[in-house]
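A.B. asks: Before anything else, here's the structure in question.
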Amino acid sequence: MGLFDAILGRKKVIATWNQVDDFVADHAAFVVNRSMYEYSRARSGVLAEKLFREKSFREAMDHGRWKAFPLGVANIVELVDGRLRSAAQGREPVLLEALVASGQRVLRRHPSPPGVSAEWWANAAQDMEKRVRLAAMAAPKAAQDIPKSTFDEMFALVPIHPDLMKLDHEVVLNHVRGMMVNIASTLAEAIDPRALVEALPPSQA
C-alpha cells in the first residue's frame, strides 16, 4: 500500500513516535510560517516585494519565526495529546512523558537557530514542556481553542509596527484557529492511537 492508500484511510501513517515527531515538526512550522510570513506579506500589500527584499526585515522575520516555533510545537503536541489520551486511559502519565519527549526531540533538531542564543532556546524548550504538562492537567481542548494561550506571544513577534497590526489581531487569530481545525482533521485520519499507546514504555510501579 502506498500514498493513495494512506490518503484513503487504509493505512495509518502516524504509527510510531518518530512519525509523531515529524508531524509535530512539520505542522508547527506550517502554523508559524502561515501566521507570520503570510500575514506580513498580506499586511504589506503592494509594498511586500520591496519589504521582503530588505535584509533587516528578512532577518527580523527569521528571528521571529524561530522564537515562535517552540510555541507552535507546544500547540501541536497538545493536539496530539487530545487524540491519544482516551486510548491511553490508565497510562496517562506515561503518555505525557512521551509527548514531552517528542516536543523536546523536535526542538533538538535545531540546536542553534539563527539569531537565537543557546540559553534562550533551552529556556524555550523548558517553557514548551511546562505548557504541555499544564494542558495535560485539564480535559483536552477543542482544536480551535488550543492556540488561544500562545497566540499573543506569537503575533507580537511579527516584525511590523504594532500600531499597524492592532486591528488584525482577531482576524489572524481566527485564521490560526482554522488552521488548527484542519490539522486536527489530518491528524485524525492519519494517526494510529493503538499502535502509539502500545509503543509506550511500561508504567512505573
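The values are calculated or read from the model by the stated rules, or taken from the named source; none is laboratory data. Owing to the predicted nature of the structure, the values given are computational and were not obtained by experimental measurement. Methodologically, a virtual Cβ is constructed for each residue, glycine included, from the backbone with ideal geometry; neighbour enumeration extends over all protein chains shown. Protein only, heavy atoms only, side chains kept; ligands, DNA and RNA dropped before computing areas. Shrake-Rupley method; radii C 1.70, N 1.55, O 1.52, S 1.80 Å.
A.B. asks: Which residue pairs have Cβ atoms under 6 Å apart, sit 6 or more places apart or on different chains, and have a first residue in segment 34-57 that is under 21 Å from V176 (Cβ atoms) and open to solvent by 40 Å² or more (accessible area, probe 1.4 Å) and a second that is in a helix (DSSP H, G or I) and not β-branched (V, I, T)?
C.D. replies: Close Cβ pairs (under 6 Å, with a partner that is in a helix (DSSP H, G or I) and not β-branched (V, I, T)) amount to R41/A48.
A.B. asks: Between a first residue in segment 176-205 that is part of a loop (DSSP other than H, G, I, E, B) and a second residue that is acidic (D, E), which pairs have beta carbons less than 9 Å apart while being 6 or more apart in sequence or on different chains?
C.D. replies: Pairs that qualify, where the first residue is part of a loop (DSSP other than H, G, I, E, B) and the partner is acidic (D, E), are L200/E97; P201/E97.
A.B. asks: Search segment 58-86 for residues being open to solvent by 30 Å² or more (accessible area, probe 1.4 Å), among the small types (G, A, S) and part of a helix (DSSP H, G or I), and hand back the single one that is farthest from W17 (Cα to Cα).
C.D. replies: A60
A.B. asks: A further question follows. Quick check on segment 115-125. Is at least one of its residues of a type in the set (S, T, N, Q) and farther than 26 Å from R194 by Cα?
C.D. replies: Yes, there is a match, as at least one residue in segment 115-125 is of a type in the set (S, T, N, Q) and farther than 26 Å from R194 by Cα.
A.B. asks: Identify all residues within segment 87-105 that are under 15 Å from A135 (Cβ atoms), out of contact with any helix residue (DSSP H, G or I) (no Cβ under 6 Å at 6 or more places or on another chain) and of a type outside the set (A, V, I, L, M); write none if there are none.
C.D. replies: If the condition is that a residue be under 15 Å from A135 (Cβ atoms), out of contact with any helix residue (DSSP H, G or I) (no Cβ under 6 Å at 6 or more places or on another chain) and of a type outside the set (A, V, I, L, M), then E92, P93, E97 are the ones that fit.
A.B. asks: Tell me, which residue of segment 152-171 that is closer than 15 Å to N33 by Cβ and under 19 Å from the mean Cα position of the chain (by Cα) is modelled with the highest pLDDT?
C.D. replies: If we take residues in segment 152-171 being closer than 15 Å to N33 by Cβ and under 19 Å from the mean Cα position of the chain (by Cα), then M154 is modelled with the highest pLDDT.
A.B. asks: What's the total number of residues in segment 60-81 that are under 13 Å from H27 (Cβ atoms) and touching a Gly at 6+ places or on another chain (Cβ under 6 Å)?
C.D. replies: Number satisfying all stated conditions: 2.
A.B. asks: If you check A139, A101, which single one turns out to be open to solvent by 30 Å² or more (accessible area, probe 1.4 Å) and in a loop (DSSP other than H, G, I, E, B)?
C.D. replies: None of the other options fit; the residue is A139.
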